[in-house]
Amino acid sequence: MLTLLAIGLFTGIASGLLGVGGGFILVPLLSALAVPLHVIVGASLVFVLATSVSGALRHLRQGTADWRLGLPLMAASAATAALGSAVSASLPDRVLGGLFAAVTALALVLFNLPRPAARRSPAARAGRFAVTRVQDAGEERYVYSYSLVGALLVGAGIGVVTGLLGIGGGFLLVPLLVVLLGIPLPIAIGTSLLSILAAAVAGIATHWTLLGVDPALVGPLVAAGVVGAQAGARLVVWLPRARLRAVYNALLVGATLYMVARAALGPAAAG
């Protein structure tokens with residue numbers, strides 16, 4: 001119980017701080033406790049939903065979440081999450097572990113891609129279906145534009161990842177929002193938490209029907225995670241962006257290396 005509470009608290013803080021549901025941290029940690037991956041996927045989806053609600057509410061209050069961008073992301077991800085959950089139920093643990101490692105590695109690469117210098121206005125870079133937004137977060141004002149079509153495509157991809165791996169997809173969504181749509185990092189973090197709610201609900205519904213969810217595992221994780229998400233979200237408004245990027249990269253590297261070892265050597269050797 002104490003171990004699950006500690007894991008939930010740590011993952012919840014990371015969730016609110018980095019705009020992730022926390023699944024990409026929770027899955028390796030529970031896997032190290034020798035919990036089967038199919039059990040972890042269901043528990044992680046419930047955890048992602050609870051911490052995302054907690055963190056998203058805080059981000060909305062402090063101005064680091066864009067609900068207008070979140071709506072198309074949520075709609076597209078909810079439409080594809082059930083597909084990912086259905087596929088997940090038919091895959092063996094080792095394959096799921098390998099896919100998890102591949103997705104975290106992709107997020108790491110995307111997040112660290114060099115961004116070209118801006119030579120056009122944000123609206124011009126976003127293209128024909130551009131939406132321009134102004135967000136005030138504390139003492140900072142952010143002006144940016146994004147493509148509505150791009151937001152829908154990104155949301156659809158995140159929905160599949162959410163259902164397939166039992167993760168909110170925020171660890172992949174944040175770099176996609178920053179690199180592909182040009183969203184400022186603090187806004188991308190808050191919007192990411194808001195956006196993965198619908199996909200988590202759809203993934204839970206499908207996974208519960210196919211494999212069920214273990215309440216004894218979920219209870220302590222969610223209780224601590226909700227508290228941690230509030231604390232993590234508060235840190236976003238004053239933590240330097242360079243520090244946010246460093247923490248994000250460190251967690252992604254750790255999760256990727258562990259799941260690569262797990263997929264290659266098996267759960268017992270990796271744990």
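The values are calculated or read from the model by the stated rules, or taken from the named source; none is laboratory data. What you see is a predicted model, and the numbers here were worked out from it, not measured in a lab. Backbone-built Cβ (ideal geometry, glycine too); neighbour counts: all protein chains shown. When the accessible area is computed, the model is the full protein with side chains, heavy atoms only, and any ligands, DNA or RNA have been set aside. Shrake-Rupley method; radii C 1.70, N 1.55, O 1.52, S 1.80 Å.
Here is how the numbers come out for the structure above:
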item: LEU257/ALA34 FRET efficiency (R0 30 Å; Cβ-Cβ; nearest 0.05); result: 0.95
item: Extension gain from LEU152 to VAL53, taking 0.36 nm per residue of separation minus the Cα-Cα distance; result: 33.5 nm
item: Lys, Arg +1 and Asp, Glu -1 on Cβ, resulting dipole of the chain about Cα centre, debye, nearest 20; result: 820 debye
item: Charge sum, other residues only, whose C-beta stays under 12 Å from LEU235's C-beta, Lys/Arg counted +1 and Asp/Glu -1; result: +3
item: q = 0.15, 0.21, 0.29 Å⁻¹: log10 I(q)/I(0) that the Debye formula gives for the range 61-117, counting C-alpha atoms only; result: -0.77, -1.01, -1.03
item: Residues whose placed amide H lies under 5 Å from that of ASP66, excluding near-sequence neighbours; result: THR191
item: The range 55-61 - phi-based ³J(HN,Hα) in whole Hz, Karplus 6.51/-1.76/1.60, Gly and Pro as x; result: x, 5, 4, 5, 5, 5, 5
item: Extended-chain gain in nm, criterion 0.36 nm per residue less alpha-carbon gap, VAL247 and ALA216; result: 8.1 nm
item: CD proxy at 222 nm, helix term only [per DSSP H run n ≥ 4: -39500 (n - 2.57); per residue of the chain; nearest 500]; result: -25000 deg cm²/dmol
item: Solvent-accessible area, 1.4 Å probe, carbon plus sulfur percent, for the chain; result: 70 percent
item: Karplus-derived HN-Hα couplings along the range 236-249 (A = 6.51, B = -1.76, C = 1.60, θ = phi - 60°), whole Hz, x at Gly and Pro; result: 4, 6, 10, 6, x, 4, 4, 5, 4, 5, 5, 5, 4, 4
item: Net charge over other residues, Cβ less than 15 angstrom from the Cβ of PRO72 (K, R count +1; D, E count -1); result: +1
item: VAL131, VAL149, VAL178, reordered so the largest accessible area comes first (probe 1.4 Å); result: VAL149, VAL131, VAL178
item: Extension gain from GLU140 to VAL95, taking 0.36 nm per residue of separation minus the Cα-Cα distance; result: 11.8 nm
